[in-house]
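Chemist: Just dropping this structure here.
The values are calculated or read from the model by the stated rules, or taken from the named source; none is laboratory data. Note that this is a predicted model, so its numbers are computed, not measured. Neighbour counts are summed over all protein chains in view; Cβ atoms, including those assigned to glycine, are modelled from backbone coordinates with ideal geometry.
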Amino acid sequence: MRPVNPNGSDTILAIEDLRQYFPIKAGLLQKTVAHVKAVDGVSFTVASGETVGLVGESGSGKTTIGRCIVRLYKPTDGSIHFSMTDGMVDIAQLNRNELQPIRRDIQMLFQDPNSSLNARMRIGDIIAEPLEIHGIGTREERRARVNKLLDQVGLGADMHNRFPHQLSGGQRQRVGVARALSIEPRLVVCDEPVSALDVSVQAQVLNLLADLQQELGLTYIFIAHDLSVVEYISDRVMVMYLGKLMETAPTRKIFERPTHPYTEALLNSIPKRVRGGHRKRFVLTGDIPSPVNPPSGCVFHTRCQYAKDICKTETPALRALPTDPQTQVACHLVEELSLQPYYTADELRNLEADHV
Amino acid sequence: MTNLGGDAGGGRWIRLFGRRKKNADPAARDEYQLMTVRQLMTRKFLRNRMALLSFIALVIIYLSTIFAGFVAPYSARSSDSKLTYSPPMTIRIRDPETGSFHLPFFYPLRGKRNMETFQLEYVEHREKRVPIQFFVKGEPYKALGIIEWDVHLFGSSDPEERLHIMGSDVRGRDLFSRIIFGGQVSLSVGIFGVMITIVVGSVIGTLSGYYGGVFDNVVQRLIETIRSFPQLPLWMALAAAIPPQWPPEWVYAGIVVVLAFINWTGLSREVRGLVLSLKERDYVHAAEASGASTARIVRKHLIPNMASHIIVTATLAVPVTILGESALSFLGIGVRPPMVSWGLLLNDAIKIQNIVLYPWTLFPGLFILVAVIAYNFLGDGLRDMVDPFAR
Amino acid sequence: MEAVSPATVDWDEMTDTILEVENLKTYFFIEQGIVRAVDGVSFTLQAGKTLGIVGESGCGKSVTSRTIMRLLSPSLARIVDGSILYYPVKGEPIDLAQLDPFGEQIRDIRGNEIAMIFQEPMTSLNPVYSVGHQIMEAILLHQEVTKEEARKQAVEMLRLVGIPLPEQRVDQYPHQFSGGMRQRAMIAMALSCNPRILIADEPTTALDVTIEAQILDLIQQIQADSEMALIMITHDLNVIGEVADHVIVMYLGQVVESAPVDEIFDAPKHPYTQGLLNSLPMIGREERLEPITGSVPGPHERPQGCAFAPRCPHVMNRCRLEEPPSLIAGEFSTVACWLYDEQTEVVYAPG
């Protein structure tokens, strides 16, 4: 049911060495005393039509990357190449006017449906806002488009004149989806779109997103902290830690064969039912360090159970595995480690059987 | 389980007194979900009875000052040397001697000097019953400043016998009429002062909240400096700087500006805080990500969400301004005669012996009190209304 | 099947019942009307075991826990019916529902014998006192020890919950702790008096997955060491699957299904439980999610008959008219659904 993403399909987004530092100001003169290195040298590409899951703990910089892509932030450094009709355009440093045509192609879906809809606006006006901003269509045409969108996201046309508080959480998130899709973007950055929703409603929205992707050929960057949601929706997963990319691999491989110790730790942390008592697992100790002063070398070495001396001094580069070019990992010790997957040995055997 | 009912959501009642009827239908559908934002806000406001009463009281006071010439039986300046410092006259409907009932009337007062204290003492002249008439012809005036008219809401039917329902002052001018005319100044100072406050406070607050940086820094330090002075002395200093040779209208404008000078700082801070929080809302991000201009974000997203807060703050700033004007005028550095204002009228009661001998000179204070309290209750009710979603 | 109260179904006969909630009803009396937040909840809790309470927002799971602790303001919420029998180590069982919520008796039990941890540790810790002070306060309130002794215990508790350098941390303030450490401190405070029951209300919802794992491990390890009974309240079925022995599933203030954890996951009976599991993205599962249609009705929109009827795929006429009682569904399980009544033909076989 996931859209097939054949290798070598068009690249829609290519990010190179992206950095986003936020200054910390102090004192009477508001002098910059330090920087929060929210995103610190991240590179990746996204193929057209795929869903990339971006996971990591809070403070890992995943939301910041999303906001850089929709250009809510102006990145400190690095490039964000987006595919337009006339080739790839670097949107990282464009100004407001230059961005205007690109904004039609990149939209964002927000986490909290309570704060993402203006309580004083009617649903119809909320959905039509992007159309209005870009001056698309006449009033009547916009209205017709909004009604079509309402239908597409599973809401009735009678929602048009309602206010957000008159809707349930799930309905509000559907309105958010309709707004994001109103100007027919090609890339949608979904920032934790289901984490504020109840389980049953969460599944409705996930299915809606998957259906719309099929229908409209959308590309998603799906930011989430819930790995099971990411596993469900994504073709590929990128694991972030402290502003850096730790590992990126096709979804199934991440769960069956993690190659970075942090990925292993994340997988081990997922609550899971194991028949007949509680499972043995190793748990990451301590907290994520401060992004103001990240550890030297590999940023994960302070919590890594396998860390060696080299990890403390040298920053590992993100490189493709020789055995599997689709998997990229930033770890000095890839070759020596054999990491524990999410699945137990039995489950793995069953999965293998299924795949064959 | 029969008495477990609760009020299912109000409906269309406006009940000022008495308990609300409980609706005993627990399965009643939640009306909240069905109402628009405006309906919710109206409902909230109507539920606050003190605010509603205050609102009605303020409407009455404002209407009477707007149509002061009609409401007041005399002009602010017409005097009667025979009735200086006359006490409030009693309005009667019953003849105290015969016990018979009549339409409202009063007995005129006759002054008589007490030869021991040399005070002028007034006694009712019981021989003459002067009826009180509604829509009586009297002194000509210009309604709303344009229409010439001479009909007053009420007054003495005999032009020779003046009616002072709240007494008169040192020159025999009717205090009630002067209070009504004084309200024009006192209450309008509140409104105009707050208008300036809203414009200056919102614009500066929005700019410093939205853009931040150096501008914000400078403005915040300026506000802190202004606010670090005690309010009244600062007002007095600024008011004293108004040139004495200015005509009264200019002085009035000057006082309005002086009063707004401190008030805008509070509003500007409030607006700045609101902008800081609102601009981080996801709907603002969504608009930005769609390429909305700053003007559009301010117009569509910030102002509608701030308007109600600003109105509340402004409502609560009106009584402060009214008190400020009264204080300045009372101290003799506010508006100057021939203008009248409540503070200026209260100036008659500045000496303790005047309060003892002519306690009715305190009536202007009562009006200040009512207006200020009403504004505070109104502001309270509006504050409830601002957040219609909090139930 | 025979209609019973779930409270009469023991889920493990080997251990002692420590808490028995029977037909508990907590209603909120607010301006807009009555909210039946908890509407006939029954369960038993046994020493050393974990009861999971699971449900979506508005199902009454948090109100249930606060009712047991008698933490709800009597001016707002009232226990309309039912009992909460607590079995102390010695003596007769105490009905917590009958106690004065501000009385001495409940204060003796609360924090001492039944402790609670909340979702938001920052709002539960007082920012103006040091963490150690707050733990000491809990100890001094319930135990007759000196201040030095209490402090020693506080340090010991912090060490127990895995806070590094507890001797220094004890004098720090909540804002100096990270989210995970605050939750640990909350647990330390809750455990300081060796409670017999710990109620954890969404203890990991605000935390990252790695920290969640730390906290869940900690709670389970403490439980294994101390025979403490645990009530784990959460919306996350994965957490329930990891920690619970027995699960009750709540919907609109009622228990729709009560069963051992394996039955809940492997053979769910109530259509709501089935719907929840079908809505849950589970790693390794390939098929499309099948969400429950619609959303949880608002507090004033409670449907007639079975509360789940409007969203239920197997709804029958009877469901819209009559509220189903709890039916015995297995040795240790009950289900409130007409599908399992003898008069009704079972149209859906779980599996």
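Chemist: Working carefully through the options C:167, C:149, C:242, C:144, find the one that is assigned by TED's automatic domain parsing to the domain that holds residue C:54 and either more than 20 Å from residue C:261 (Cβ to Cβ) or assigned to a helix (DSSP H, G or I) (or both).
Modeler: Going through C:167, C:149, C:242, C:144 in turn, the sole match is C:242.
Chemist: Shifting gears a bit: Looking only at segment A:86-141, which residues are basic (Lys, Arg), within 11 Å of another protein chain (Cβ to nearest Cβ) and assigned to a helix (DSSP H, G or I)?
Modeler: Selection gives A:96, A:103.
Chemist: Further question on the same structure: Could you tell me which residue of segment B:159-182 is surrounded by the most Cβ atoms within 10 Å (Cβ to Cβ), considering only residues that are within 17 Å of residue B:122 (Cβ to Cβ) and free of Cβ contacts under 8 Å to residues at least 60 places away in the same chain?
Modeler: Top of the filtered list is B:161.
Chemist: Looking at (1) within 26 Å of residue B:291 (Cβ to Cβ); (2) buried (at least 24 other Cβ atoms within 10 Å of the Cβ), can you tell me which one residue A:202 breaks?
Modeler: Status for residue A:202: all satisfied but (1).
Chemist: Looking at (1) touching a strand residue (DSSP E or B) at 6+ places or on another chain (Cβ under 6 Å); (2) within 14 Å of chain B (Cβ to nearest Cβ); (3) within 30 Å of residue A:195 (Cβ to Cβ), find the lone condition where residue C:34 falls short.
Modeler: Unmet condition: (3).
Chemist: Mind checking whether some residue in segment B:330-343 is farther than 30 Å from residue A:126 by Cα, in a helix (DSSP H, G or I) and aliphatic (A, V, I, L, M)?
Modeler: No: segment B:330-343 contains no residue that is farther than 30 Å from residue A:126 by Cα, in a helix (DSSP H, G or I) and aliphatic (A, V, I, L, M).
Chemist: Now for a separate question. Taking the conditions exactly as written (more than 8 Å from chain B (Cβ to nearest Cβ), at negative phi, outside any helix (DSSP H, G or I) and touching a strand residue (DSSP E or B) at 6+ places or on another chain (Cβ under 8 Å)), does residue A:53 satisfy them or not?
Modeler: It is true that residue A:53 is more than 8 Å from chain B (Cβ to nearest Cβ), at negative phi, outside any helix (DSSP H, G or I) and touching a strand residue (DSSP E or B) at 6+ places or on another chain (Cβ under 8 Å).
Chemist: Taking residue A:226 and the conditions (1) crowded, with 22+ Cβ neighbours inside 10 Å; (2) at the interface with chain C (Cβ under 9 Å from one of its Cβ atoms), which numbered condition does it fall short on, given that it satisfies the others?
Modeler: (1)
Chemist: Let me ask something else. Does residue B:318 satisfy the criteria of being more than 14 Å from chain A (Cβ to nearest Cβ) and either in a helix (DSSP H, G or I) or of a type in the set (Gly, Ala, Ser) (or both)?
Modeler: Against the criterion (more than 14 Å from chain A (Cβ to nearest Cβ) and either in a helix (DSSP H, G or I) or of a type in the set (Gly, Ala, Ser) (or both)), residue B:318 qualifies.
Chemist: Output the number of residues of segment A:14-49 satisfying the condition of being within 18 Å of residue A:247 (Cα to Cα) and either in contact with a helix residue (DSSP H, G or I) (Cβ under 6 Å, 6 or more places away or on another chain) or in contact (Cβ under 8 Å) with a residue 40 or more places away in the chain (or both).
Modeler: Adding up the residues that qualify gives 15.
Chemist: Sticking with this structure for a sec: If we scan segment A:287-308, do we find a residue that is of a type outside the set (A, V, I, L, M, F, W, C), within 9 Å of chain C (Cβ to nearest Cβ), surrounded by 15 or more Cβ atoms within 10 Å (Cβ to Cβ) and in a loop (DSSP other than H, G, I, E, B)?
Modeler: yes
Chemist: Quick one: in segment C:247-292, of everything that is aliphatic (A, V, I, L, M), more than 8 Å from every other protein chain (Cβ to nearest Cβ) and in a helix (DSSP H, G or I), which residue is surrounded by the fewest Cβ atoms within 10 Å (Cβ to Cβ)?
Modeler: C:277
Chemist: Against the conditions (1) in contact with a Ser or Thr (Cβ under 7 Å, 6 or more places away or on another chain); (2) more than 14 Å from chain C (Cβ to nearest Cβ), where does residue A:40 fall short? Just the number, please.
Modeler: Exception for residue A:40: condition (1).
Chemist: Working only within segment C:177-189, note down all residues that are at pLDDT 85 or above and either more than 14 Å from every other protein chain (Cβ to nearest Cβ) or surrounded by fewer than 20 Cβ atoms within 10 Å (Cβ to Cβ) (or both).
Modeler: Correct list: C:186, C:187, C:188, C:189.
Chemist: If you don't mind, another one. Take the residues in segment C:69-95 that are closer than 12 Å to residue C:19 by Cα and either in contact with a helix residue (DSSP H, G or I) (Cβ under 6 Å, 6 or more places away or on another chain) or crowded, with 23+ Cβ neighbours inside 10 Å (or both); name whichever of them is nearest to the other protein chains (Cβ to nearest Cβ).
Modeler: C:83
Chemist: Among the residues of segment B:274-298, which ones are assigned to a helix (DSSP H, G or I) and in contact (Cβ under 8 Å) with a residue 40 or more places away in the chain?
Modeler: The answer is B:274, B:275, B:276, B:294, B:298.
Chemist: From the list B:199, B:194, pick out the single residue that is assigned by TED's automatic domain parsing to the domain that holds residue B:293, of a type in the set (A, V, I, L, M) and surrounded by fewer than 20 Cβ atoms within 10 Å (Cβ to Cβ).
Modeler: B:199
Chemist: Counting only residues that are touching a residue at least 24 places away in the same chain (Cβ under 8 Å) and of a type in the set (Ser, Thr, Tyr), give me the strands (runs of 3 or more DSSP E) lying completely in segment C:10-120 with at least 2 of them.
Modeler: In segment C:10-120, the matching strands (runs of 3 or more DSSP E) lie at C:17-30, C:33-46, C:77-86.
Chemist: Just checking, does segment A:176-190 include any residue being crowded, with 24+ Cβ neighbours inside 10 Å, part of a helix (DSSP H, G or I) and within 14 Å of chain C (Cβ to nearest Cβ)?
Modeler: Within segment A:176-190, none of the residues are crowded, with 24+ Cβ neighbours inside 10 Å, part of a helix (DSSP H, G or I) and within 14 Å of chain C (Cβ to nearest Cβ).
Chemist: Any idea which residue in segment C:293-325 is nearest to residue C:63 (Cα to Cα), counting only those that are over 25 Å from the mean Cα position of the chain (by Cα) and basic (Lys, Arg)?
Modeler: Among them, the one singled out is C:320.
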